[in-house]
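Undergrad: Please see the structure below; I have some questions.
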């Protein structure tokens, strides 16, 4: 019976150790996956939201300057086509940079409307119509800016959820590790006390 119990104890200890090793590997995998997801969220927040917000700000400034140029031209009856052309060229560059980022479905629709408005602005020859189109473009830029804010909030919420899920998984893994260590301690204690129990039984029989 002694050798049978010893084998059972060793098998139980081996099983507990294997479970502990598997748990450590699983915990490392969860931590690595959690870290990668957080890095991806931060990268998305910077590249697709904060940088884009900067593009929107610059385009907004350019359009306000075009409006000022149009008002000056109407007041003094002077052409400012070269200044407006330079501003439109700057906006085209910002537009191309914007298109390299990842757009949501709603953002894609709004941005397409902005491009159409700017193209109509370029082809228009009437000052009043240009001013109206400039205002339309500013309104669309404001909507695009709102989208950046909303998407940034969603990214931050997703990052927060990742943090808490990762923390919960780590706590669970830690709790299981403690249980396995307690089981191992109990098996070691049982294996040490068993021979003494057998010897005491033999002495009583003699």
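Residues are listed down the side, and each one gets a yes or a no for (1) touching a helix residue (DSSP H, G or I) at 6+ places or on another chain (Cβ under 7 Å); (2) modelled with pLDDT of 95 or more; (3) part of a helix (DSSP H, G or I); (4) loosely packed, with under 15 Cβ neighbours inside 10 Å:
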site	(1), (2), (3), (4)
46	no, no, yes, yes
49	yes, no, yes, no
113	yes, yes, yes, no
116	no, yes, yes, yes
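Undergrad: Among the residues that make up segment 95-107, is at least one of them surrounded by 12 or more Cβ atoms within 10 Å (Cβ to Cβ) and over 22 Å from residue 54 (Cβ atoms)?
TA: No: segment 95-107 contains no residue that is surrounded by 12 or more Cβ atoms within 10 Å (Cβ to Cβ) and over 22 Å from residue 54 (Cβ atoms).
Per-residue answers, yes or no, for (1) more than 17 Å from residue 26 (Cα to Cα); (2) surrounded by 14 or more Cβ atoms within 10 Å (Cβ to Cβ):
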site	(1), (2)
132	yes, yes
138	yes, yes
147	yes, yes
155	yes, yes
161	yes, no
173	no, yes
176	no, yes
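Undergrad: Right, something else. Go through segment 118-146 and give me each residue that's without any contact (Cβ under 8 Å) to a residue 60 or more places away in the chain and touching a helix residue (DSSP H, G or I) at 6+ places or on another chain (Cβ under 7 Å).
TA: Those that are without any contact (Cβ under 8 Å) to a residue 60 or more places away in the chain and touching a helix residue (DSSP H, G or I) at 6+ places or on another chain (Cβ under 7 Å): 118, 120, 121, 122, 124, 127, 133, 136, 140, 143.
The values are calculated or read from the model by the stated rules, or taken from the named source; none is laboratory data. Since this is a predicted model, take the numbers as computed values, not measurements. Every residue, glycine as well, gets a Cβ built from its backbone with ideal geometry; the counts of neighbours run over all protein chains shown.
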